[in-house]
Amino acid sequence: MNKKVLGIVVVVVLLVVIIGGCGLFFGIKAINNKPFRLEEKYYENMSIIDIKHDRYEELVDKKENFILYLTLDGCTSCVVFGSKAVDFVVKNKITVYRIEYKEFSQTDLKDEVKYAPSMMIFKKGKLKAYLDAQSDEDLQYYKDSSTLQTWFEKYIEL
Amino acid sequence: MKKTKYILLLIVVSLLLVGCTNKKVSDLPKPEVTGGQRGELGIDKNINEETIDKYLGRTDSVYRDMRMLEDPASYEKIGGDRYLSGFVNGFEIVPLPYLIEVTGLPEAVGNTYAGKTLFKMDRNGKYQPMYEESMAILEYLFPKDKNIFLMCGGGGYAGMTKGLLVSLGWDENNIYNVGGFWYYEGKNKVEVKNDKGTYDFWKVPYHNIDFKTLTEVK
């Protein structure tokens, strides 16, 4: 086989590997980004359950899929956002956990989710997504219940 | 001639030295609001819970924490604490609900303090003094010729205070919303809640306003 043909074959093979690899990568990424289900028990009741950091650690150790709402003592914007959290729970008839900032600051996520109010979504005990109270991009989701619903639907089957 | 030169040199050196020692006093970034939900409260991007320790103790500034010692709002119904359980050393407490009416809290929490206030908002959205002494008290607590650092639990009351002051003629470039005490992890934390679960309010530098001694505006 002459060198030119060999060169073309090598290039084609490389392209197939690269494109195939990219396709596989994006395919995996798409699967990972598909909305997932919470633990079935969280679809059975409509409630907000207050927890402390030890209960949070249990949920993480058990690798559960759950929602955690972060609030802060005496924070008026947390109180206002709380009403949207309640609307979300009632509308979707699900259970979410609520943790106060003092308790949350004892967890390993303290430096990542720095400010309340926040909503956090956990998949298999790992933080999948959260609302950042200092992010201009996330501000829209704090504004009303319907945009908050939209945010959740990106990650959770409701 | 030589003597004059030495005197001039001495004056120049003195001015330079004075300039250097005053460098810290003049070295404040302009107020700049941070992003997101925190930005909605007016919390500052540069001077906030994480950095406030660098700006404490300035002689050209005052430091005010806008919380109540005990808030009538039922924060425990949402897992909170209605008491002032700590503050940053250097900050003095001036309860915002004594300055203006605080509204908009959800039903579960109920109302905060609903008693007398120094100012009330009229139908045109402007703050009107309820007492002859209202403005003098405000100017005493928040001197117009000083930088004013404001703090509270999460940044909300501090933001409302800045809004009040600016609407009454204070320069917004001298007022910083430092944010919320609960995010503060610096070296100047003063714990008020003790191991017995009670509160050592005697530690708190608190500005009480006794409305019985004031003259109502007619």
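The values are calculated or read from the model by the stated rules, or taken from the named source; none is laboratory data. Every value quoted in this text rests on a predicted model; they were computed, and no experiment measured them. A quick note on method: Cβ atoms are made from the backbone with ideal geometry, for glycine too, and the neighbour counts reach across all protein chains shown. Just so you know, the surface numbers come from the protein's heavy atoms only, side chains and all, with ligands and any DNA or RNA stripped out. Shrake-Rupley method; radii C 1.70, N 1.55, O 1.52, S 1.80 Å.
Screening the candidates B:V102, B:V204, B:V178, B:V192 for the property of being within 26 Å of B:D60 (Cβ to Cβ), in contact with a helix residue (DSSP H, G or I) (Cβ under 7 Å, 6 or more places away or on another chain) and either in the same structural domain as B:R38 (by TED's automatic domain parsing) or among the charged types (D, E, K, R) (or both) yields one hit, B:V178. When you look at B:E139, is it open to solvent by 40 Å² or more (accessible area, probe 1.4 Å) and free of Cβ contacts under 8 Å to residues at least 12 places away in the same chain, yes or no? Yes: the conditions hold for B:E139.
Residue count for the range A:112-128 under the criterion of being in contact (Cβ under 8 Å) with a residue 60 or more places away in the chain and either part of a loop (DSSP other than H, G, I, E, B) or among the β-branched types (V, I, T) (or both): the result is 2. Screening the candidates A:T147, A:T76 for the property of being at pLDDT below 95, within 12 Å of chain B (Cβ to nearest Cβ) and out of contact with any His (no Cβ under 9 Å at 6 or more places or on another chain) yields one hit, A:T76. On the basis of being more than 26 Å from B:P72 (Cβ to Cβ), more than 14 Å from chain B (Cβ to nearest Cβ) and in contact with a Ser or Thr (Cβ under 9 Å, 6 or more places away or on another chain), does A:L68 make the cut? So A:L68 does not fit the description; no. Only one of the numbered conditions (1) open to solvent by 20 Å² or more (accessible area, probe 1.4 Å); (2) of a type in the set (S, T, N, Q); (3) modelled with pLDDT of 95 or more is violated by A:T95, and that is (1). Does the range A:95-111 include one or more residues that are facing chain B (nearest Cβ under 10 Å) and in contact (Cβ under 8 Å) with a residue 60 or more places away in the chain? Checking the range A:95-111: not a single residue is facing chain B (nearest Cβ under 10 Å) and in contact (Cβ under 8 Å) with a residue 60 or more places away in the chain. Only a single item in (1) touching a helix residue (DSSP H, G or I) at 6+ places or on another chain (Cβ under 6 Å); (2) open to solvent by 20 Å² or more (accessible area, probe 1.4 Å) is not met by A:Y69, and it is number (2). Against the numbered list (1) open to solvent by less than 70 Å² (accessible area, probe 1.4 Å); (2) of a type in the set (A, V, I, L, M, F, W, C); (3) in a helix (DSSP H, G or I); (4) more than 7 Å from every other protein chain (Cβ to nearest Cβ), A:V90 comes up short only at (1).
To keep it simple, each residue is scored yes or no on (1) more than 25 Å from B:K45 (Cβ to Cβ); (2) crowded, with 17+ Cβ neighbours inside 10 Å.
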site	(1), (2)
A:Y115	no, yes
A:S118	no, yes
A:K123	yes, yes
A:A133	no, yes
A:D136	no, no
A:D144	yes, no
A:L158	yes, no
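Taking the range B:161-192 as the range and being open to solvent by 30 Å² or more (accessible area, probe 1.4 Å) and assigned to a helix (DSSP H, G or I) as the test, the residues that pass are B:K162, B:G163, B:V166, B:S167, B:E172, B:N173, B:N174, B:W182.
Each residue in the range B:27-63 was checked for being in a loop (DSSP other than H, G, I, E, B), within 14 Å of another protein chain (Cβ to nearest Cβ) and out of contact with any helix residue (DSSP H, G or I) (no Cβ under 7 Å at 6 or more places or on another chain), and 8 of them qualify.
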